[in-house]
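Chemist: Below are the structure tokens for one structure; questions will follow.
The values are calculated or read from the model by the stated rules, or taken from the named source; none is laboratory data. Quick caveat: nothing in here was measured; it's all calculated off a predicted structure. Heads up, the Cβs are rebuilt from the backbone with ideal geometry, glycines too, and the neighbour counts pull from every protein chain shown. Calculation scope for accessible area: heavy atoms of the full protein, side chains included, ligands and nucleic acids excluded. Shrake-Rupley method; radii C 1.70, N 1.55, O 1.52, S 1.80 Å.
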Amino acid sequence: MDSGYYAAMTGLLARTQALDTAAANLANAQTPGYRAEREFFRSALLGPDALDSQLGHALNNYGLLGGDRLSMSQGSLQRTDNALDLAIEGEGFFKIQSAHGLRYTRDGGFHRSQSGILVTSAGEPVLSAEGKSIPVPPGEVAIGVDGVLSVGGGAVASVGVFTFAAGAQLRPEGANRYVAPDGVAAAISPNAAIHQGAIEQANQDAVQGTLDLLMMQRQAEMMQRALTLFHTEFNKTASEDIPRV
């Protein structure tokens, strides 16, 4: 069988999956703290016996989309002048206590709850560097680049910014929440700066996202047409050439 068929097949699979990723990125281009996902490639067949056959060798000459990884590039910071809105510049995530356990986010749209602690827009406690809820007493709030929260000139707590070891892949949960891998512990980020009165936007540009979506769609259509041509050629061979042998 012509190896071009395998190229078209793996290309169609890759572009179809990449099309879904591009659509999700574009849909969340206006979501604060959203981390865009980028595709990576692997062999079409895996395992120790993947190259023991002509079919396996032919398939693995062409990359298959292996999945998506979060892009950790910096999003733009938008001023809000809300004293409890926080944006991270650099590496790291805020840690929050959700109903389903610990979660991580770059969305710093926080406020003071009725019980007097710092919470997310969904009412989930934001955690300090020590992993505790952060009290916000009445008064003028100041938050330094190191995350120290002060009210009336007195330090109250430190907003935690956490990061993970290189290679750790956080799992998206919803639009801008992330779950740490099992057994992977978060550590305080050594190079993050917090900006008070600002929100980090998604690290996906809407214009570039639209172009990516169109490109993926056109590439998927090209692979589909190529498969159709190969399929037609195979049918011709089966119906006309093979009977003559």
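Chemist: Given the Cα-Cα distance of S98 and R38 and 0.36 nm per residue of separation, how much length would full extension add, in nm?
Modeler: 18.9 nm
Chemist: Could you tell me the center-to-center distance, by alpha carbons, between segment 111-126 and segment 128-204 in angstrom?
Modeler: Using only Cα atoms to place each centre, the spacing works out to 14 Å.
Chemist: Simple spin-label model, 7 Å along Cα-to-Cβ: T16 to L77 in nm?
Modeler: 4.4 nm
Chemist: With each pseudo-label sitting 7 Å past Cα toward Cβ, what's the R171-T228 distance in nm, one decimal?
Modeler: It is 3.9 nm.
Chemist: When all protein chains stay in place, what accessible area (Å², nearest 10, 1.4 Å probe) is found for S115?
Modeler: S115 exposes around 90 Å² with every protein chain in place.
Chemist: Please report, in whole Å, how far the alpha carbons of segment 114-153 spread along each principal axis, starting with the longest.
Modeler: 27, 21, 15
Chemist: With Rg and the Kirkwood Rh both taken from Cα atoms, where does Rg over Rh land for segment 126-232?
Modeler: 1.23
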